[in-house]
Amino acid sequence: MWNLRYPDAVTFNGLIMWAGSVRGPVVLPGKYQVRLTAGGKTQTQTFEIKQDPRLATTPEEYAKQLELAQQIHKKLSDSNAAVVEIRELRRQLNEYAGRVKNAKVVEAAKALARNLTAVEEALYQTKNRASEEPLNFPIRLNNQLAALEAVVESSDDPPPAQTNMVYEDLASQVNAQLNALKKLTTAGLAAFNKLVRDENIPAIVPCGTGLAACAGSTQQESQ
């Protein structure tokens with residue numbers, strides 16, 4: 001079974017969005033191949049996805065739509081992966097603050113956690129607890145990206161110039177938050193770890209080698 005879409009964006013437990021989702025973009029009309037391997041044998045079969053015969057959309061116009069949808073989708077995935085990383089780091093920091101006796105370490109942990117939370121709240125509406133909550137609390141950057149992707153894919157027409165303009169604006173805002181997170185997980189975390197060395201306890205470690213490592217573990221847990 002295939003929903004004719006590219007893979008979903010990174011997600012996390014409790015994610016609630018309005019007028020958008022983490023679903024991947026729809027693939028282009030064209031020829032594809034399915035492969036089945038079982039019992040040491042492999043079989044393949046070609047098939048074709050056809051466009052609506054009532055439409056005059058050209059392959060080039062389809063390609064433009066997919067290109068923009070994939071750009072938006074990647075930025076959405078990056079945003080959600082950042083939230084995953086922030087939550088893991090904050091969990092570790094909160095543990096420090098709860099068990100360490102050194103007042104300087106406790107305050108440093110709380111301060112770093114507050115800075116991480118500020119980035120998270122810019123990327124995602126953390127007040128959302130139910131599907132109707134976005135009616136009460138304004139959506140944040142990841143939801144705006146998801147909603148924009150839905151607009152781009154709402155028809156088989158090429159995306160209008162306005163969607164590109166909105167994406168560039170949202171991408172710029174997301175990049176600013178991702179850069180702020182990078183500083184917190186490098187310089188900020190290094191300064192904190194230097195402070196806790198005298199306590200002879202393990203340092204805070206970012207997830208794996210990047211955001212994808214955190215995101216992967218979270219998706220496995222949610223499944």
query = Hey, among Thr57, Thr117, Thr126, which residue is surrounded by 14 or more Cβ atoms within 10 Å (Cβ to Cβ) and more than 23 Å from the chain's Cα centre (by Cα)?
reply = Thr57
ask   = Say we look at segment 140-156 and pick out the residues that are surrounded by 14 or more Cβ atoms within 10 Å (Cβ to Cβ) and over 15 Å from the mean Cα position of the chain (by Cα); which of these is nearest to Tyr62 (Cα to Cα)?
value = Asp156
request  = Determine, yes or no, whether Ala38 is among the hydrophobic types (A, V, I, L, M, F, W, C) and under 30 Å from Asn143 (Cα atoms).
outcome  = no
Selection from segment 69-81 of residues that are of a type outside the set (Lys, Arg) and surrounded by 20 or more Cβ atoms within 10 Å (Cβ to Cβ) = Ala69, Ile72, His73, Leu76, Ser77, Asp78, Ser79, Asn80, Ala81
query = Just to be sure, is Lys110 surrounded by 13 or more Cβ atoms within 10 Å (Cβ to Cβ) and without any contact (Cβ under 8 Å) to a residue 60 or more places away in the chain?
reply = yes
inquiry  = Considering only segment 163-185, I want to know if a residue exists there that is among the basic types (Lys, Arg) and within 17 Å of Ala108 (Cα to Cα).
reply    = yes
remark   = Picking from Ser131, Ser79, Ser155, the residue that is among the hydroxyl-bearing types (Ser, Thr, Tyr) and assigned to a helix (DSSP H, G or I) would be Ser79
task = List every residue pair whose Cβ atoms lie under 6 Å apart, where the two residues are 6 or more positions apart in sequence or sit on different chains, the first residue falls within segment 44-60 and is closer than 22 Å to Val34 by Cβ, and the second residue, located anywhere, is outside any strand (DSSP E or B) and not hydroxyl-bearing (Ser, Thr, Tyr).
result = Ile49/Pro29; Lys50/Pro29; Gln51/Pro29
message = Tally up the residues in segment 91-124 that are within 29 Å of Val174 (Cβ to Cβ) and outside any helix (DSSP H, G or I), please.
response = 1
query = Looking at (1) of a type in the set (S, T, N, Q); (2) under 30 Å from Leu178 (Cβ atoms); (3) outside any helix (DSSP H, G or I), which is the one condition that is false for Gln70?
reply = (3)
request  = For segment 158-185, enumerate the residues that are assigned to a loop (DSSP other than H, G, I, E, B) and either without any contact (Cβ under 8 Å) to a residue 24 or more places away in the chain or surrounded by fewer than 14 Cβ atoms within 10 Å (Cβ to Cβ) (or both).
outcome  = Pro160
query = Just wondering, is there one or more residues in segment 128-148 that are β-branched (Val, Ile, Thr) and free of Cβ contacts under 8 Å to residues at least 40 places away in the same chain?
reply = no
message = Quick check on my filter: what residues within segment 15-43 are assigned to a loop (DSSP other than H, G, I, E, B) and without any contact (Cβ under 8 Å) to a residue 40 or more places away in the chain?
response = Arg23, Val27, Leu28, Pro29, Gly39, Gly40
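Taken together, the values in this text are just the output of simple stated rules run on the coordinates, not laboratory data. These numbers come from a predicted model, not from an experiment. Here Cβ is always computed from backbone atoms with ideal geometry, including for glycine, and neighbour counts include all displayed protein chains.
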